[in-house]
1. So I have [x] 1.20; [y] 1.03; [z] 0.93, and one of them is Rg/Rh (Cα atoms, Kirkwood Rh) calculated from this model. Which one is it?
2. Quickly estimate the mean residue ellipticity at 222 nm for the chain, helices only: each DSSP H run with n ≥ 4 gives -39500 (n - 2.57), and the total goes over all residues, rounded to 500.
3. On a 0 to 90° scale, report how tilted helix 41-59 is relative to the longest principal axis of the chain, with both axes built from alpha carbons and the result rounded to the nearest 10.
4. So how do 55-61, 30-36 stack up, highest first, on mean other-Cβ count within 10 Å?
5. May I ask for the angle, rounded to the nearest 10°, between helix 74-98 and the longest principal axis of the chain, with both axes built from Cα atoms and the value confined to 0 to 90°?
6. Tell me the angle of helix 103-121 to the major Cα principal axis of the chain, expressed in degrees between 0 and 90 and rounded to the nearest ten.
7. Can you tell me the dipole magnitude for the chain around its Cα centre, using point charges on the Cβ only (Lys, Arg +1; Asp, Glu -1), in Debye to the nearest 20?
8. Determine the gain in length on full extension of the stretch A83-R136; use 0.36 nm per residue of separation and subtract their C-alpha separation, reporting nm with one decimal.
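A short reminder: the numbers here are calculations on the coordinates, not readings from a lab. From a predicted model like this one, the values you see are computed outputs, not experimental measurements. Positions of Cβ are backbone-derived with ideal geometry, glycine not excepted, and every protein chain shown enters the neighbour counts.
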Amino acid sequence: MSPFFRRFERVIRYIVVGGGVTLFYTLVTVALISGHVIADPTAASVVASLITLPLSFLAHRRFTYVDATRERGQWERFAVVAASNFLINVGLMKGVDTWQWPYWTALALGWVVVPILNYTINAVWVFRINSLLSIRRYDETP
């Protein structure tokens, strides 16, 4: 494993997992709108967020924060953060819809704003890890 990857392993894993989850959310939102399942972009964003939430928690728990001690309350804290993200994403979608901008504008803004906030809050509050950048191996001393 390269020194760069080892030093920034958590960030790299977060980008990969978060990118996959964001892609899934985006595809669900686009499919709902373009497939004429849900005409309102805000409602499509709500449904896509609810579908994506459990997948996001499980993927981050298993891959991004693999070294975090499993403890009660992680799912609930994650849900609070997700609810905040939900409000941001839906608010962005409602804003661009109100201003009659293309719905993909809200998706693109969400791709930038949400991950930066998520990474920090999940690391510090939800999973309560010791290292923001790297993953501490079980055989390593603190």
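1. Computed from these coordinates, Rg/Rh (Cα atoms, Kirkwood Rh) corresponds to label [y].
2. Working: 5 runs with 94 residues, N = 142.
Result for the chain: -22500 deg cm²/dmol, rounded to the nearest 500.
3. It works out to around 20 degrees.
4. Answer by packing, highest mean first, reads 55-61, 30-36.
5. Helix 74-98 sits at roughly 30 degrees to that axis.
6. 20
7. Roughly 440 debye, rounded to the nearest 20.
8. Length gained, A83 through R136: 16.2 nm.
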